[in-house]
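The values are calculated or read from the model by the stated rules, or taken from the named source; none is laboratory data. Please read these numbers as outputs of a predicted model, since none were measured by experiment. Counting neighbours? That spans all protein chains shown, and the Cβs are built from the backbone with ideal geometry, glycine included. Heads up: the accessible areas ignore ligands, DNA and RNA and are worked out on the full protein's heavy atoms, side chains in. Shrake-Rupley method; radii C 1.70, N 1.55, O 1.52, S 1.80 Å.
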Amino acid sequence: MFIVALCSTCGGVGRTTVTAGLSSALGRKGRRVLAIDLDPQNMLGLHLGINFLSDGLATSPGDTWMETSWRTSDGVDFVPFGNPSADVAWQLELELKRDPGWLSQRLSRLDFPDEGIVLIDSARLPSRWGEAARHAADLTLFLGHPDPGSLGGFDALSRGSKSQDNIAFLLNDVDPTRTLHRDALLLARNRWPDTCLQYPIHRDEAVAEALAHGQSIFDYAIRAQAAHDLQGVATWLLNRHSMTAR
Amino acid sequence: MTLPTAIRSALLFFAAQLAVTIPNSPRQWLWRLFIKPVCLPSRPLNPPSRLIARLSRKLGVIDYRDTSEWVLRLLFLPSHRAASEANETELAPGFFERLTQPLTSFVTVIWEHIGPAASRLIPHTDYPAFSARLNRWAEVVAIKHPFVQWVLLILATLLFTVASTTPMNWAEQLVFSLFIWWLALFIRRLPGNLPTLMLMIVSLLASCRYIWWRATTTLDLEPGPSLFLGFLLFAAECYTWLVLLLGYLQTLRPLNRKPVALPTGFSDWPTVDVFIPTYNEPLKVIRATVFAAQGMDWPQEKLRIFILDDGRREQFREFAETVGVGYIIRPDNFHAKAGNLNHALTKTTGEFVAIFDCDHIPTRSFLQVGMGWFLKDPNCAMLQTPHHFFSPDPFERNLDTFKRVPNEGELFYGLIQDGNDLWNATFFCGSCAIIRRGPLEEIGGIAIETVTEDAHTALKLNRRGYSTAYLNITQAAGLATESLSAHIGQRIRWARGMAQIFRLDNPFLGKGLSFFQRLCYSNSMLHFFSGIPRLIFLTAPLCYLWFGMHIINTEAIYILIYALPHIVLSSIANSRNQGAHRHSFWGEVYESVLAWYITLPTTVALLNPHFGKFNVTAKGGLVAEKFFDWTISKPYILLVALNFLGIGVGIGRLLWWNAYEPGTVLLNLAWTLFNMIILGAAISVASEARQVRVNHRVAIRVPAILQLGDGRALHVYTQDYSLGGLGLALPEEISATELAKAGDKVWVTLDRGDQECAFPARVVIANKSQLGLQFDELSIADERRLVQCTFGRADAWIGKNDGRPNDKPLEGFREVCSLGLRGYLRIFQRIRQSLTNNLHSVAQHIVEKFESPASPTHLSSKVISRL
């Protein structure tokens, strides 16, 4: 299986939205997809069609977390974070500090096909959850907005990370009518040509509207630009997977 | 009812229909048969019965009260454009098929019975494998046994000579022709280059036999006019044979050169000056070229762009200054474009010079794709790329064949230049090319002795021993000529120039050229002398039909048996060789259109090469009104009239005067009929279609983002664009009306590969599946980006020929026949229209005269009230 963690150094860049969109796109392509919510906000369920899930990864000891999974109509299996009490959450963070490979061990025990894809939505870095997701992942997809803050974050990551093979940068919410966004996109593409995805995800009101309607964007507005971009990123992920598998 | 009463009521009925107010007057009957009345007899506007309503809808009759329209519609369906233009009576695509329905169904039925059996006669094998095996054998012989190769070649030449010159009686010739036809039908199923060569040889066999037979048996004519005309015809046929042979040699094996990569270190990349010469073209034409040139991928410090303005206009100078390109003027205009370029050469220093006509917009990859060859081959002095037109030329526009049939220039840029490249005989075409400065200055700059300065320059370079290259990748596109007269004017200039070069700097004489270079250049020049032979072919059968002169001394059956294989096999070979670049039989149309006009200039230029001046081709104008170019088509109408009379006389000969030689009459009649079809097609080109847009629309499909006012962003594709606006194609489930309405402001984002560019626009058309946008006033930077995201994209012209049907000789023939018929219909319409228009006022007066003032009818009262 191919494990992809979606992280970011800034907040509000759309990790959960993109995780939901990517998993929906991959599910529609007929792939086996598992989406895991590793963010205490517990919002992935809302994006995938169900809200207020109290049982999830954080509330299930041992391997019972698999029983808390749900399946969407797109064929996506997803595991919510759950609504743990403060004590339980604190205990879990201590356990993650002790054992960073906590998640990867659990995933390795999962019966999942080789060509399946696991998407992990994590809390914003720095955080234990984000670190855990990165640790478990074959590829970490860093999201950002086309503004100096996110680009600065990308810069730090590209300097800090020893191997550039397992990270990638993705720009979200790009509005081509804004000069700053256009310039940021150009800068990112030119500065990190191998790491930055050539396809950004454009700003599109349809994303928020789809969420408001409780629908996947592909059901709500298949012709939306954001839908097209998400499909492009999904295809890129699949290509990356087949390249690394060889 | 008695007979006279019945006749009378019928007459009255027709009188009412045609608005003949005095049925007793034969003059008025005659008048009304051709001239419509000022206004029709009053009948209700809506048709009285549902039957008539349905019939009129089905046939496309717009005014059911007009009898002549009914008659017209029964024969000719309106085109799909008739809804908006009530006067237009175009031929629907299926018209020709409908007219010949019985004949075609008969032929189809026969073919369905014979076809399978006939195709079984041709051996079925795995064609690609067979072709590969042939290639291997040829390679083995060529590489490993060169001695055997030479022996085989000599034997083959001997065999060919024997086969073309052996006299045969008609039965033997028939069997021989059938055999080589069968051979050709088999060979043409084999893919690859070697079978193309074999087809050429088979076709040459038939053609050589024909010419030999003509030369040896048919020139035995009575002294006098017959002998003179007979030899004239034979000379024309020799010309055609020679051009065929040279054409095969020229396109023996298209080189298909591939681009060469440039070195990775920018320090090795040379400096390039881009020249954009202009004389009287408007500024808006040159803007796009300048912007696209600024977008070319080349180190900015090594690229300099210059506008060479022979008009010395202040507007251009300001533009150049604003945009940041160079501006060069000179005090005079000697030698037109050549002089302009030479003057600029003295003012610039780049190692290479890239030349673009003011309307040829280069893509960003032009230099990167082309310059590699110069670094690889230090002896290469010139690299030419194809001229692609994003607007339809007069043929395509008037005949509505844009994107369906290859245009006239495609044969040259798609095949002939590629063939020339093999022999190192590519010549410069005036634009979309790069020239090395050193050799250019060595020959004294661009040639000024002739009006086709570009070909002459390349000839001089070749003579010095430099090589020229052709890259068959479209890297620039421009405007085609606007009207037929401009098109012909341009061709006349080329023809004159080529004739001048032929006289002043003949490729066969002088040193510096290889044998094949001489052949290639000569063929290109010979091509422009086709005026007189074409005119001879268009009038030859009239010698017999009008005057009874026999200019070919043989029986009709022999002509058929010798000429048909020649025609059929050369069209098979040509279809195989050039089918992708020119459909069969279209060459006849192109040549016929030009024939009259290039005869005189080429003859004059041959006799006196220094006579005549450079005339610039008009570009960027607008054909405002639909009109029929009578001036241009006068010669063709004359020829058509001559041929038509010839047919009349010919029928007479067939039935009475020459009934003893029906074969000859029929053959001449068939030839005349073919000529008339070709002339009809030539005439239909003169009927200029209206050109609505000032900015030319280019059909292109690239992805775009449409951002609406409410924040939604849609993924769409462009359908066409121009410098004024954009047409978007929407997916089926979305209707433009639910997105926006006319007047809404939107943003459309295009990308040029690495950058995204958003442009503000306004919706002008929003209907079911299309959205038409008009750009607001764009800043200079935005305009530059727009050009670079559209015309300047490196992949802008890849796949320009997708979706075009392949050539089949019979299809080509049918296309041309359909065009011919359409040409006559258009003439008929124009005559009818101008008659009605011009005589309308006269009709009013005459009608007034016919009505007695004592008892005015409703008709004349309406007339009087109008006056």
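Points to keep in mind about this one:
- Unmet requirement for B:ARG582, which otherwise passes all of (1) in contact with a helix residue (DSSP H, G or I) (Cβ under 6 Å, 6 or more places away or on another chain); (2) surrounded by fewer than 22 Cβ atoms within 10 Å (Cβ to Cβ): (2)
- Residue match in region A:231-246 (condition: within 14 Å of another protein chain (Cβ to nearest Cβ), touching a Phe, Trp or Tyr at 6+ places or on another chain (Cβ under 6 Å), open to solvent by 20 Å² or more (accessible area, probe 1.4 Å) and assigned to a helix (DSSP H, G or I)): yes
- Test: residue in region B:452-466 that is at pLDDT below 90, part of a helix (DSSP H, G or I) and open to solvent by less than 10 Å² (accessible area, probe 1.4 Å): no
- Screening A:SER158 on (1) in contact (Cβ under 8 Å) with a residue 24 or more places away in the chain; (2) open to solvent by less than 60 Å² (accessible area, probe 1.4 Å); (3) out of contact with any Leu (no Cβ under 9 Å at 6 or more places or on another chain); (4) within 14 Å of another protein chain (Cβ to nearest Cβ) shows it passes everything except condition (4).
- Residues that are modelled with pLDDT of 90 or more, under 30 Å from A:ILE201 (Cα atoms) and within 14 Å of chain A (Cβ to nearest Cβ) do occur in region B:690-704, at least one of them.
- Among the candidates B:LEU158, B:LEU134, B:LEU153, the residue that is modelled with pLDDT of 90 or more and either part of a helix (DSSP H, G or I) or surrounded by 12 or more Cβ atoms within 10 Å (Cβ to Cβ) (or both) is uniquely B:LEU158.
- Flag for A:ALA226 being within 14 Å of another protein chain (Cβ to nearest Cβ) and farther than 21 Å from B:PHE759 by Cβ: no
- A:TRP129 fulfils the conditions (1) in contact with an Asp or Glu (Cβ under 9 Å, 6 or more places away or on another chain); (2) closer than 30 Å to B:ALA713 by Cα except for a single criterion, (2).
- Region B:231-277, residues that are out of contact with any helix residue (DSSP H, G or I) (no Cβ under 9 Å at 6 or more places or on another chain) and either basic (Lys, Arg) or in a helix (DSSP H, G or I) (or both): B:PHE231, B:LYS258, B:SER267
- Filtered residues of region B:737-784 (kept if more than 30 Å from A:ARG191 (Cα to Cα) and buried (at least 19 other Cβ atoms within 10 Å of the Cβ)): B:LEU739, B:ALA740, B:VAL746, B:ALA761, B:VAL763, B:ALA766, B:LEU771, B:GLY772, B:LEU773, B:PHE775
- Test result for B:GLU661, touching a Pro at 6+ places or on another chain (Cβ under 9 Å), more than 14 Å from every other protein chain (Cβ to nearest Cβ) and either within 30 Å of B:HIS388 (Cβ to Cβ) or at pLDDT below 85 (or both): no
- Region B:774-789, residues that are within 36 Å of the chain's Cα centre (by Cα), in a helix (DSSP H, G or I) and either closer than 19 Å to B:ARG701 by Cα or within 13 Å of chain A (Cβ to nearest Cβ) (or both): B:ASP782, B:ARG785, B:LEU786, B:VAL787, B:GLN788, B:CYS789
- Enumeration of residues in region A:178-220 that are part of a loop (DSSP other than H, G, I, E, B), open to solvent by 40 Å² or more (accessible area, probe 1.4 Å) and either within 11 Å of chain B (Cβ to nearest Cβ) or touching a Ser or Thr at 6+ places or on another chain (Cβ under 9 Å) (or both): A:ARG178, A:PRO193, A:GLN198, A:TYR199, A:ARG203
- Of all residues in region A:162-177, those satisfying the criterion of being more than 9 Å from chain B (Cβ to nearest Cβ), farther than 15 Å from A:GLY14 by Cβ and open to solvent by 20 Å² or more (accessible area, probe 1.4 Å) are A:LYS162, A:SER163, A:GLN164, A:ASP165, A:ASN166.
- Cβ-Cβ contacts under 6 Å between residues 6 or more apart (or on different chains), taken from a first residue in region B:708-724 that is more than 11 Å from chain A (Cβ to nearest Cβ) and within 19 Å of B:GLU777 (Cα to Cα) to a second residue that is open to solvent by less than 60 Å² (accessible area, probe 1.4 Å) and of a type in the set (Ser, Thr, Tyr), are listed as B:TYR721/B:THR790.
- Contacts under 7 angstrom Cβ, first residue in region A:219-246 being more than 16 Å from A:ASN172 (Cα to Cα), partner among the small types (Gly, Ala, Ser), 6 or more apart: A:TYR220/A:ALA206; A:TYR220/A:ALA210; A:ALA221/A:ALA206; A:ALA221/A:ALA210; A:ALA221/A:ALA227
- Within region B:508-524, residues that are within 13 Å of B:LYS460 (Cα to Cα) and of a type in the set (Ser, Thr, Tyr) reach partners that are surrounded by 18 or more Cβ atoms within 10 Å (Cβ to Cβ) and at pLDDT 90 or above with beta carbons closer than 7 Å, at six or more positions or on different chains, in the pairs B:TYR521/B:ALA425; B:TYR521/B:LEU459; B:TYR521/B:PRO507.
- For region B:302-340, residues that are of a type in the set (Phe, Trp, Tyr) and part of a helix (DSSP H, G or I) total 2.
- Extreme residue, surrounded by the fewest Cβ atoms within 10 Å (Cβ to Cβ), among residues of region B:493-509 that are outside any loop (DSSP other than H, G, I, E, B) and of a type in the set (D, E, K, R): B:ARG503
- Lone qualifier among B:LEU375, B:LEU367 - being buried (at least 24 other Cβ atoms within 10 Å of the Cβ), part of a helix (DSSP H, G or I) and out of contact with any Leu (no Cβ under 6 Å at 6 or more places or on another chain): B:LEU367
- Among residues of region B:726-766, those that are out of contact with any strand residue (DSSP E or B) (no Cβ under 8 Å at 6 or more places or on another chain) and more than 9 Å from every other protein chain (Cβ to nearest Cβ), counted: 5
- Residue count for region A:15-46, restricted to those that are of a type outside the set (Lys, Arg) and open to solvent by 30 Å² or more (accessible area, probe 1.4 Å): 6
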